[in-house]
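Participant: Below is a structure I'd like to ask you about.
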Amino acid sequence: MDTSRLGRPLRRHRVALQLCFAIPGLSLATWVTRTPDVRDQLDASTAEMGLVLFGMSIGSMMGILVAGALVARFSTRPVILSGMALVLASVATMAMGTAVSSAPTVTFGLLLLGAGMGLSEVASNVDGAAVERELDRPVLPALHGCYSLGTVAGAVLGVAGAAVGFPVSWHLAIMLLLVVALFAAVVPRLRPGVSRRIKDTDARSAHEATGPVRERRLYLDGRLLLIGGVVLGMTLAEGSATDWLPLLMVDGHDMPAGLGSLVYAGFAAAMAVGRFAGGPMVARVGRPAMLGGGALLTTVGIALVSFVDSPVAAGGAVLLWGLGTSLGFPLALSAAGESGPDAAGRVALTSRIGYVALLAGPPALGFLGEHHGLRAAMVPVLLLMLVAAACAPATASRHRRTAATGTGPTEKPAVPPTPGGDATATGHPTRSQR
């Protein structure tokens with residue numbers, strides 16, 4: 001279906017959703033690229049920085065856990081706007097925290113950032129899924145690509161600020177003005193929300209799909225646990241780069257702060273390329289090959305960063321790291337959703353496995369880095385990527401159509417809900433509802 005047939009409001013709405021994905025990416029990358037300077041401003045050790053980063057992990061979990069219920073009750077628009085408001089508040093809080101060299105204030109700012117991203121990510125994905133149904137073609141991959149483009153833009157600005165020694169607090173204050181202007185462009189373009197209320201039958205189906213009895217059964221599903229292994233490795237690899245890459249380059253390879261931030265910009269750019277260009281490759285070679293190959297590519301990248309004492313090799317290896325992880329999380333969640341009955345429960349369980357990595361990863365890597373150096377701290381991530389590569393065959397699709405007779409399973413796999421989201425809130429029915 002052509003977008004022009006649906007009129008100008010839909011085009012305006014898509015622009016708003018693109019900005020809703022780009023703003024968190026821009027804000028997060030601004031923080032990440034200045035972490036070496038923030039660490040110096042706070043006079044924090046590597047382990048203490050791990051605890052500071054733990055604030056964002058807690059915030060993300062809080063936002064993701066409540067977002068699905070809020071979308072079901074109030075619709076997507078107010079949840080998106082609330083999440084964006086928290087993101088803006090987080091940038092202001094982090095600017096204030098760095099100005100007064102207060103680690104607790106910066107930690108609270110990161111908690112707000114994580115919570116705002118969790119809320120807006122779930123609601124924006126629900127809204128994007130509705131746009132997909134209107135257009136009858138994929139939209140979400142490009143929206144996630146806009147998030148990566150936001151991280152690239154934030155990283156470039158961060159590199160420039162670090163290179164000239166621009167004060168972090170002023171950098172964050174200027175970034176606050178930019179994201180406020182972008183947010184002002186979102187508000188009038190965003191349509192009334194979708195999924196205002198779940199029907200009683202849908203709510204019962206969602207409760208049954210994620211009830212304690214069936215959830216215990218899912219823990220005994222060997223294939224689902226293998227898919228969880230893929231998610232665990234991919235999520236930790238992406239999250240460890242987001243949390244630690246600039247500091248890893250500065251402390252582990254003696255790069256200047258500006259160059260360390262530039263390396264993170266390269267990682268973000270590689271992620272963006274992988275997300276925009278990966279769709280056709282998945283259709284060509286299949287999901288297991290893409291996930292397995294991506295895991296091995298990431299393994300090579302992390303190994304070069306960890307074991308080769310060359311800043312040039314490390315900078316190039318980060319590109320492999322970014323490309324390899326770019327499609328890992330969404331493809332693995334898609335595999336979980338179609339791995340058997342109770343798709344909502346399967347995706348929820350697999351998502352929780354991924355977010356355990358996000359929650360435990362920053363402080364664990366920080367403590368390892370404090371005692372053994374950040375390069376050595378990446379070795380467990382490398383080992384988990386090998387596990388992910390070994391588990392990748394479990395992500396093969398079970399849904400195949402018999403070309404000659406038209407018989408056999410013809411059910412089109414539903415796009416999985418975002419982590420913490422409600423399957424019925426996305427508009428994608430569970431197997432029992434079809």
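Participant: Given the criterion closer than 23 Å to residue 258 by Cα and either at pLDDT 90 or above or surrounded by fewer than 17 Cβ atoms within 10 Å (Cβ to Cβ) (or both), identify the matching residue among 16, 29, 85, 103.
Facilitator: 103
Participant: Further question: For segment 66-82, check the following and say yes or no: at least one residue is under 22 Å from residue 93 (Cα atoms), buried (at least 24 other Cβ atoms within 10 Å of the Cβ) and small (Gly, Ala, Ser).
Facilitator: no
Participant: All but one of (1) modelled with pLDDT of 85 or more; (2) closer than 23 Å to residue 272 by Cβ; (3) aliphatic (A, V, I, L, M); (4) surrounded by fewer than 24 Cβ atoms within 10 Å (Cβ to Cβ) hold for residue 131; which doesn't?
Facilitator: (1)
Participant: Working only within segment 296-332, note down all residues that are among the β-branched types (Val, Ile, Thr), under 21 Å from the mean Cα position of the chain (by Cα) and more than 28 Å from residue 225 (Cβ to Cβ).
Facilitator: Scanning segment 296-332 gives a single hit, 318.
Participant: Another one. Please list, ordered by residue number, the helices (runs of 4 or more DSSP H) wholly in segment 147-231 having 3 or more residues that are at pLDDT 85 or above and over 25 Å from residue 126 (Cβ atoms).
Facilitator: 168-186
Participant: Can you tell me how many residues in segment 221-242 are out of contact with any Ser or Thr (no Cβ under 6 Å at 6 or more places or on another chain) and closer than 17 Å to residue 57 by Cβ?
Facilitator: Of the residues in segment 221-242, 7 are out of contact with any Ser or Thr (no Cβ under 6 Å at 6 or more places or on another chain) and closer than 17 Å to residue 57 by Cβ.
Participant: Sticking with this one: From (1) closer than 19 Å to residue 241 by Cβ; (2) of a type in the set (S, T, N, Q); (3) in contact with a Lys or Arg (Cβ under 8 Å, 6 or more places away or on another chain), pick out the condition that doesn't hold for residue 33.
Facilitator: Only one criterion in (1) closer than 19 Å to residue 241 by Cβ; (2) of a type in the set (S, T, N, Q); (3) in contact with a Lys or Arg (Cβ under 8 Å, 6 or more places away or on another chain) is unmet by residue 33, namely (3).
The values are calculated or read from the model by the stated rules, or taken from the named source; none is laboratory data. None of these values were measured; they are calculated from a predicted model. Note that we place each Cβ from the backbone using ideal geometry, even for glycine, and neighbour counts take in every protein chain shown.
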